[in-house]
Amino acid sequence: MPEHLIPTSNLIGGWVAVGLTLFIFSFLYKDNPLFKLGEHLYVGISVGYSVVVVWFEVFIRLVWQELTKGNYEPLIPVMIGLLIWTRFIPKIAWLSRLAFAFVVGFGSGVAIPRVVSSYILKQIEDTVNPLVTMAGGSVSFSLSFANPQSGINTIILLIGVVTVLFYFFFSVEHAGFGYATARAGIYFLMIGFGAAFGYTVMSRMSLLIGRFADLIKFSSSDYGYATLVLLAATIATLVSWELRRRRSGGAE
Amino acid sequence: MISIDRRIIFLLIALATSLPLLHPFGLPIKVSPEVRAVYEYIENLPEGSVFFLSLDFDPSSKPELEPQAMALLRHAFRKNLRVIGMTHWLTGTGLADDIFSKVAKEMAKESGKDYVFLGWSPGTGSLVISMGQDLYKAFPSDHSKKPIEGMPVLAGVRNLRDVTYLISLAAGNPGIEMWYVFGKDKYRFEMAGGSTGVMAPGLYPFLRSGQINGLIGGLQGAAEYETLIGQKGTAVAGMDAQSADHFVIIALVLLCNLFYFVLRGEKGRPGFNA
């Protein structure tokens, strides 16, 4: 094969990727059979792929190969896993509780100490950073927005945490000083939501850019003008579907 | 303007995305301290250090996280680090393998000698604990079914305590937080994170508290990293489109608010009929 030619598998992959992207984008016009086809393929392929990977990576690699080597340890988790299936046999369904008890007990035991340490203790430690630090016999207090550990950021963080916590404290009427504190908490929350939404918009736009970059790449002659051909086919299908739908009085 | 057909907005966004991709205008890219921290940490690692890259995403986050993964791998291979890769996302196994193979081929690196891709295994947090005790029990073989015991890339590596630096590129959970909770906090290696834009704000508390030493956020973060390693790729190419999209969105928000206040003012006047 000449070096400049794209391998057949990549070519087919490009056409499939363009087709499915355009089918999903067709929802921007309205819900239609092409979109439904793309949606169902996505769900079906994801599940099919997962089943195959789990079969080979879990059953074959971690269970079957170990058993054939004479290591019978994996039989213990296999037995616990099989107990969950007893839910389908009412007479012995109670056995599944043993498996669930193991999962919940082990999961909680492993997770709780680590989560408390990482999410609560470390974060509290950071919230109550000292304003003034002493190193090498000298006292330092920095006021810089650029430095995360500076005194000014520590003050803002502390005010934010206290006011937001106060906003969610409903046992005291939010009046007078309490009202001002709760309002400040709302403003901190709004800034937080605004930042999160801004990042979400940026993220969604990045995904769109990724799809557009691929559509542009696959529109070249190397890929047989896949984007242009499939765009024309998608539009033609949508027009034909819309005309037929209108003729039949809107029934899809 | 208030009741604008949403398809006009779609068209504007489509134009703002496609035109800069076809004709880039090369806006400057400013590198943030959190991305620079990751770059500098890798830059200062001695040759042969163990760098662990966990690609915890699937194809739905490919546009944001694939450029990050490629830039980090290029940097690590250029520094001759020993790279161990894996994924906690079952549906991302093929993509992660493809990224490793592609960059390794480009940088003339060999599987088993310069890097190893372990693939996927079930367990998430429990798997990390298992890797922290014995890597070879958690992953007896790599993704291509070769036994990992005795591979030159893993010489002297028994468990996660032997990892010098770990980065999780995550599109959700399991990802950065899980690696911190079950990995770094227990096995004491240094770590950083790369995430989708949606996740980034939630990770800043971890960055501030020093639980992670750097953060690469979204396509913007990937573009910053590409700029730092001097190898511009898909992320830098997408930055003009990203800026144009943001400009359109800001303009639409401002215009809609302007029309809203003008209409509200007119409604308040006597004799106004809506």
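When +1 charges are put on Lys and Arg Cβ atoms and -1 charges on Asp and Glu Cβ atoms, the dipole computed for segment B:33-240 relative to its Cα centre reaches about 440 debye.
For segment B:33-240, relative contact order (Cα pairs under 8 Å, six or more residues apart, normalised by length) works out to 26 percent. Please say if the protein assembly as shown is rounded, prolate or oblate, where rounded means a/c under 1.5 for a ≥ b ≥ c the square roots of the C-alpha gyration tensor eigenvalues, and otherwise the choice is prolate for a/b larger than b/c and oblate otherwise? Rounded. Here the spin labels are modelled as points 7 Å beyond Cα on the Cα-Cβ line, and at A:Glu242 and B:Glu266 they lie 3.0 nm apart. Specify whether the C-alpha gyration tensor of segment B:33-240 places it in the rounded, prolate or oblate class, a ≥ b ≥ c being the square roots of the eigenvalues: rounded for a/c under 1.5, otherwise prolate if a/b is larger than b/c and oblate if not. Cα axes put segment B:33-240 in the rounded bin. Spin-label model, B:Lys102/B:Leu258: points 7 Å from Cα along the beta carbon direction are separated by 4.2 nm. Set Lys and Arg Cβ to +1 and Asp and Glu Cβ to -1, take the dipole of the protein assembly as shown about its Cα centre, and tell me which of B:Val116, B:His75, B:Ser168 lies farthest positive. Farthest towards the positive end: B:Ser168.
Pairs spanning more than 21 Å between alpha-carbon atoms, out of B:Lys30/B:Lys79; A:Lys69/B:Lys109; A:Lys122/B:Lys79; B:Lys137/B:Lys184; B:Lys102/B:Lys146: B:Lys30/B:Lys79; A:Lys69/B:Lys109; A:Lys122/B:Lys79.
Given their separation in residues at 0.36 nm each and the Cα-Cα distance between them, A:Val104 and A:Leu37 gain 20.2 nm when the chain is fully extended. Are there chymotrypsin sites (Phe, Trp or Tyr not before Pro) in segment B:133-226 that DSSP puts in a loop and that have at most 14 other Cβ atoms within 10 Å, and which ones? Qualifying residues, ordered by number: none.
Long hydrophobic helices in chain A: the complete DSSP H runs spanning 15 Å or more by Cα along their own axis with mean Kyte-Doolittle hydropathy of at least 0.0 are A:8-25, A:33-54, A:96-115, A:151-167, A:177-217, A:226-247.
Rounded to the nearest 10 degrees, the inclination of helix B:93-106 to the longest alpha-carbon principal axis of chain B is 80 degrees. If R₀ is 22 angstrom, what is the calculated FRET efficiency for the pair A:Ile216 and B:Ser32, using the beta carbon separation as r and rounding to 0.05? Working from the Cβ atoms, E equals 0.20. Averaged over the residues of peptide A:111-123, the number of Cβ atoms from other protein chains lying within 10 Å of each residue's Cβ is 4.
Other chains near B:13-24: what is the mean number of their Cβ atoms within 10 Å of each residue's Cβ? Write down the numbers at each step before the final one.
Values: counts 3, 4, 0, 2, 8, 6, 0, 2, 6, 2, 0, 0.
Counting Cβ atoms of other protein chains within 10 Å of each residue's Cβ and averaging gives 3.
Between the alpha-carbon centres of segment B:1-57 and segment A:55-81 there is a gap of 43 Å. Fewest neighbouring Cβ atoms within 10 Å first, the residues B:Tyr39, A:Tyr225 line up as A:Tyr225, B:Tyr39.
Estimated from the Cβ-Cβ distance and a Förster radius of 51 angstrom, the FRET efficiency linking B:Asp5 and A:Ala195 is about 0.95. Counting only alpha carbon atoms, the long axis of helix B:62-78 and the longest principal axis of chain B meet at about 40°.
Evaluate the distance, in nm, between pseudo-label points positioned 7 Å from the Cα of A:Val162 and of A:Val54 along their respective Cα→Cβ axes. It works out to 5.1 nm between the two label points. In a simple Cβ point-charge model (Lys, Arg +1; Asp, Glu -1; nothing else charged), segment B:122-218 has a dipole of about 80 debye relative to its Cα centre. Between segment A:186-205 and segment B:97-120, the C-alpha centres lie 37 angstrom from each other.
Charges were assigned to the Cβ only: +1 to each Lys and Arg, -1 to each Asp and Glu. The resulting dipole of chain A about its Cα centre is roughly 700 debye. Over all other residues within a Cβ to Cβ distance under 13 Å of B:Thr234, the charged ones net out to +1, with Lys and Arg as +1 and Asp and Glu as -1.
To make sure I understand, if each residue's beta carbon is the centre and we count other beta carbons within 10 Å, what order do B:Asp56, B:Asp142, A:Asp214, B:Asp5 fall in, fewest to most?
B:Asp5, A:Asp214, B:Asp142, B:Asp56
Express the relative contact order of segment B:122-204 as a whole percentage, based on alpha carbon pairs under 8 Å and six or more residues apart in sequence. After rounding, I find 29 percent. Normalised by the number of residues in chain A, the average gap of Cα pairs under 8 Å and 6 or more apart makes the relative contact order 19 percent.
Ordering B:Met107, B:Ile212, B:Val128 by Cα displacement along the dipole of segment B:33-240 toward the positive end leaves B:Val128 in first place; charges were set at the Cβ atoms of Lys, Arg (+1) and Asp, Glu (-1). Between the Cα long axis of helix B:33-43 and the first principal axis of chain B there is an angle of about 20°, rounded to the nearest 10.
If you rank B:Val38, B:Val236 by fewest surrounding Cβ atoms within 10 Å, what's the result? Intermediate values should be presented prior to the final figure.
Working: B:Val38 26, B:Val236 22.
Fewest-to-most Cβ neighbours within 10 Å comes out as B:Val236, B:Val38.
Quick note: the coordinates plus some simple rules give every number you see, no bench work behind them. Just so we're clear, the structure is a prediction, and the values are computed from it rather than from any experiment. Every residue, glycine as well, gets a Cβ built from its backbone with ideal geometry; the counts of neighbours run over all protein chains shown.
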